[in-house]
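> One structure, as C-alpha cells, below. Some questions next.
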Amino acid sequence: MSKKFLLGLVIFIAVCLHNANAQTVYFNGLGRALVTTDQLKGNALTINEGGVTRPDTLSGRRGTGGYTIFDLGVNAQPNENLRASAILRIRNDFGGFYGNGSSVFFRQLRLDGVIAKIVKYEIGDIDLGLTPYTLYNFDESYHDYEADVFAIRRSIVNYENFNFGNKWRLQGAHANANFRFTKGIEKIGVRVFAARAGRKDILDLVNPDRVNWGGRVDLVQSKFFHIGGNFIQMVDLAGTVPVNQFEFDNKVGTVDFKLGYDNDQIGAFAYGEAGFSKYSFFRAQNDTTVSKNGNFYDVGVSAEYKPLKVKLFVSYRNVSDNFSSPGAQTRRIFDYGNPVAPTPFAPELFPTIKGGVIRQVGLLDRISDEDVRNLNIMPVLMAYRPEYNNITPYGTATPNRKGISFGASVGEMEKVVKGDVKVDLLSEVVGEGSTDTRKFTGVRGGLFFNVNKLVNWERALGLNFGFRYEHTKRDGGNQIDLKSTLIDAGINVEVVKSFDLIAGYKMLTAKGNEFLLARNEFNEVVNPVQGYSDVDQANTILSQGFNQGLLAAGIRYRFTKNTYFTGQAVFYNNKSKLQTSLGDFDYKINQIFLNYTMVF
C-alpha cells in the first residue's frame, strides 16, 4: 500500500472533520468479510484416453478464498445546493496479513447539486436508466421468488457490480428539472445525460471514445394520463484516436404513454411504448459501412381490484429483427466468461476441468461469481446459452420477437400470500437460419407464503416457490425442439429473535436441440453454427440431457436490519449425459460459505 496514498487519505479525512462546523460532513459505508472453501468432485476429474482412465492432473481439487473490504463513504455538503461524495475502498484478499496484499482505491466519486432550486444535476459515477427499450439493465433472474439463502449471495454480486435495479452504472453527467403547473397539466419533466458507454484504458489509441447521450421529456396531465418521449444515441467520437479504424452510431427514439382510471377500489390502464432505431457502423479495414433501421411497438392493458390485491394484464409486442438498442439489449452476464480479460477467462471457482477444458458458468457461478457480470454497454448482441433464457435473452427489447404476454398477481409481500404468473406466447418476426420461424412458449412465476401471519406466530416463517418453463420449437428442414425448466424453493425460519435457519434448492433441466446464431462485427446474423448439441462439447449436450442442482442450507443472525452474519453449506451438482472421447463432464462442488456484512 502506498505511504503517500495513506498520508493523503489521512489529510483528506482530517480536513473533512476540521470543516465539520462550517459544513455538513457525514459518513456512511459498508464492511464485509467473506470466505469460501470449496471441494471439486466427479467424473470431470478423470480423463479417458484409448479406453484407459487416468486422473486429471491440471485441475484443482480444493480451494479456499475470500476477502475483507471496507467501503467508507464521505459526504460533504457545504449548503443545500451542493454535495460532494466519495466512496473509498480498502480491500485485503484472503491470505494477506498485516496489510500485505491490500489495496486502496476510490470506488465512487460524485458531485451533485441544485441550480436555481429547479435543475438537479450529478456528475461523475452515476446510475442511468430510461425505459425497457432505450436504456435498461434488465435482470437475469428468472423470477422474483428466490430463496433467502441464494438472495444473500446474489445481493453481494449485485453490490460489487453496481447492479442497482435496472440502471447502468456509467461515468458522465445527468441533469433533470420538473416544471409544475396549476391548471391543465400537473408537470413537465425534462432529463438530459451524457456518459461513457463503458470502461476504456487511457493508453488505448485504437478504440475511439464511445458515449451515450440523450434524454427524456415527460408530460404528466394527472395520475390518469402521462406521455413521454425518449431519445438516446450511442456514438464514437471522431478525433479521440489518431486514426479512426471504425465508427459506430446508433440512435433510438421512442414514445411511451399510460392512460386510465384509478380510485380506492379499482385501477384500469392502457399503456405502451413504440419507436425506431437507426444503426450505422463503418469499418476502415475494408472500407465498409452497414446501415439498418428497426422499429417496435408494445401495447397493453391492466386492471387491478385493490380490496383483494388482484392484478391482471395482457400486452402485445412486435420488435423487428433489425431493432438495435445497445442500452437496453446488453446482457448483464457473460455466459461464456469475460471476453475483456487479458487472458482466457473462466469462473474463478475451479476454472478448468477435464484436463484444462474451461468450465462454463453454471447456476452456482451466476449467483456467486463477481467476475462474470458485464459492466459495459455492448454494441453487438452478446452470445448466450439458450438453456438459461432462449425467449428473451436480451430482455424485453430482444429483437425479432412478436406475440402476446399475459399474467396475474395477487397479494403483497407484507401479507399472508404473494404470488404471480406470466405467460409469453411469442414467435420470431423473420426466420433466422431458416425460412421457418421459431415459436416460443414461456411460463414463469412463483409464490411467497408468510406462514407466521396465517397462524399468528410472532416470529418469521416463510416459504417460497418459483418456477420458469420455456419451450422453443421450429418445424421445417432445420427443426428445433428445446425445453427447459427451472424450479426454485426455499424456507426461512426465525428460531429465536433475529436468528434464522435458511435453506433453498434450485434445479435447472434442459433437453432438446437449438442452433447458436453467430454475429459479425456489424451485428449481422451470419450462417448459424451447427446444432448446439454438436458444438459446445466442453459444456453440456442438450440433446442428450442437461441437469443442474443447487442445494444450500445454513444460518443467519441479524444484528440490525442491514448487518448480519451467515454461514452456509452449499452442494452443487452439474450433470449431463454427454459422452466424448475424454469421458463425461459430470462434476460436483461442495462449498462452505461464511459472510459478515455491516452497513452503516
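> Quick one: which strands (runs of 3 or more DSSP E) sit completely within the range 243-338 and have at least 1 residues that are in contact with a strand residue (DSSP E or B) (Cβ under 6 Å, 6 or more places away or on another chain), among the basic types (Lys, Arg) and under 30 Å from Val416 (Cα atoms)?
Working: elements: 246-262, 266-283, 288-305, 310-319.
Fully inside the range 243-338 and qualifying: 310-319.
> So in the range 173-194, with the set limited to residues that are of a type in the set (Gly, Ala, Ser) and modelled with pLDDT of 95 or more, which one is farthest from Asn230 (Cα to Cα)?
Applying the first criterion (of a type in the set (Gly, Ala, Ser)) to the range 173-194 yields 173, 175, 177, 184, 189, 194.
Narrowing further to those that are modelled with pLDDT of 95 or more: 173, 175, 177, 189, 194.
Numbers: Ala173: 17, Ala175: 15, Ala177: 15, Gly189: 12, Ala194: 14 Å.
The qualifying residue farthest from Asn230 (Cα to Cα) is Ala173.
> Residues in the range 428-437 that are buried (at least 17 other Cβ atoms within 10 Å of the Cβ) and aliphatic (A, V, I, L, M): how many?
Residues meeting the conditions: 1.
> Sticking with this one: So which of Lys120, Lys183 ends up being part of a strand (DSSP E or B) and out of contact with any Cys (no Cβ under 6 Å at 6 or more places or on another chain)? First the steps, then the outcome.
Values: Lys183 fails: part of a strand (DSSP E or B).
Testing whether each residue is part of a strand (DSSP E or B) and out of contact with any Cys (no Cβ under 6 Å at 6 or more places or on another chain) leaves just Lys120.
> On the given criteria, is Thr240 modelled with pLDDT under 90, among the polar types (S, T, N, Q) and outside any strand (DSSP E or B)? First the steps, then the outcome.
Values: modelled with pLDDT under 90: yes; among the polar types (S, T, N, Q): yes; outside any strand (DSSP E or B): yes.
Yes; evaluated as a whole, the condition is true for this residue.
> For the list (1) in contact with a Lys or Arg (Cβ under 6 Å, 6 or more places away or on another chain); (2) farther than 21 Å from Ala33 by Cβ; (3) touching a residue at least 60 places away in the same chain (Cβ under 8 Å), I need the number of the one condition that Asp112 fails.
Here Asp112 clears every test but (3).
> Looking for something farther than 22 Å from Gly113 by Cβ, modelled with pLDDT of 80 or more and under 30 Å from the mean Cα position of the chain (by Cα) - is there at least one such residue anywhere in the range 11-28? Talk me through it step by step, then tell me what you get.
Kept after step one, since they are farther than 22 Å from Gly113 by Cβ, are these residues of the range 11-28: 11, 13-14, 17-18.
Going one step further and asking which of them are modelled with pLDDT of 80 or more, we end up with none.
No, the range 11-28 has no match at all.
> Within the range 508-519, work out how many residues are crowded, with 16+ Cβ neighbours inside 10 Å and either in a strand (DSSP E or B) or of a type in the set (Phe, Trp, Tyr) (or both).
Matching residues across the range 508-519 total 7.
> Can you tell me how many residues within the range 47-73 are over 23 Å from Tyr596 (Cβ atoms) and crowded, with 16+ Cβ neighbours inside 10 Å?
Going through the range 47-73 one residue at a time, the tally reaches 4.
> Please determine whether any residue of the range 255-266 is under 25 Å from the mean Cα position of the chain (by Cα), surrounded by 17 or more Cβ atoms within 10 Å (Cβ to Cβ) and more than 26 Å from Phe313 (Cα to Cα).
So far as the range 255-266 goes, no, none of its residues is under 25 Å from the mean Cα position of the chain (by Cα), surrounded by 17 or more Cβ atoms within 10 Å (Cβ to Cβ) and more than 26 Å from Phe313 (Cα to Cα).
> Here's something else I'd like to know. Failed condition for Asp71, given (1) under 33 Å from the mean Cα position of the chain (by Cα); (2) under 30 Å from Glu122 (Cα atoms); (3) modelled with pLDDT under 90; (4) acidic (Asp, Glu), with all others met?
(3)
> Quick check on the range 89-100. Is at least one of its residues modelled with pLDDT of 80 or more, under 30 Å from Asn176 (Cβ atoms) and surrounded by 15 or more Cβ atoms within 10 Å (Cβ to Cβ)?
The first filter runs over the range 89-100 and keeps only residues modelled with pLDDT of 80 or more, leaving 89-94.
Now drop any that are not under 30 Å from Asn176 (Cβ atoms), which leaves 89.
If we keep only those that are surrounded by 15 or more Cβ atoms within 10 Å (Cβ to Cβ) as well, we get 89.
There is at least one residue in the range 89-100 that is modelled with pLDDT of 80 or more, under 30 Å from Asn176 (Cβ atoms) and surrounded by 15 or more Cβ atoms within 10 Å (Cβ to Cβ).
> Name the one entry in Gly260, Gly253 that is touching a Gly at 6+ places or on another chain (Cβ under 6 Å) and without any contact (Cβ under 8 Å) to a residue 60 or more places away in the chain. Write out each step before concluding.
Values: Gly260 fails: touching a Gly at 6+ places or on another chain (Cβ under 6 Å).
Result of the check over Gly260, Gly253: Gly253.
> Out of curiosity, is Gly229 surrounded by fewer than 17 Cβ atoms within 10 Å (Cβ to Cβ) and either aliphatic (A, V, I, L, M) or over 16 Å from the mean Cα position of the chain (by Cα) (or both)? Give the steps one after another, and end with the answer.
On the way: surrounded by fewer than 17 Cβ atoms within 10 Å (Cβ to Cβ): yes; either aliphatic (A, V, I, L, M) or over 16 Å from the mean Cα position of the chain (by Cα) (or both): yes.
Here the answer is yes, as Gly229 does meet what is asked.
> Can Asn48 be described as without any contact (Cβ under 8 Å) to a residue 40 or more places away in the chain, over 30 Å from Glu273 (Cβ atoms) and out of contact with any helix residue (DSSP H, G or I) (no Cβ under 6 Å at 6 or more places or on another chain)?
Working: without any contact (Cβ under 8 Å) to a residue 40 or more places away in the chain: no; over 30 Å from Glu273 (Cβ atoms): yes; out of contact with any helix residue (DSSP H, G or I) (no Cβ under 6 Å at 6 or more places or on another chain): yes.
No.
> Still on this structure, please answer the following. Among the residues of the range 268-288, is any farther than 18 Å from Ser325 by Cβ, at pLDDT 95 or above, surrounded by 15 or more Cβ atoms within 10 Å (Cβ to Cβ) and of a type in the set (Phe, Trp, Tyr)?
Looking through the range 268-288, at least one residue is farther than 18 Å from Ser325 by Cβ, at pLDDT 95 or above, surrounded by 15 or more Cβ atoms within 10 Å (Cβ to Cβ) and of a type in the set (Phe, Trp, Tyr).
The values are calculated or read from the model by the stated rules, or taken from the named source; none is laboratory data. Nothing here was measured: the structure is a model prediction, and the numbers come from that model. All Cβ positions, glycine included, derive from the backbone under ideal geometry; neighbour counts span all protein chains shown.
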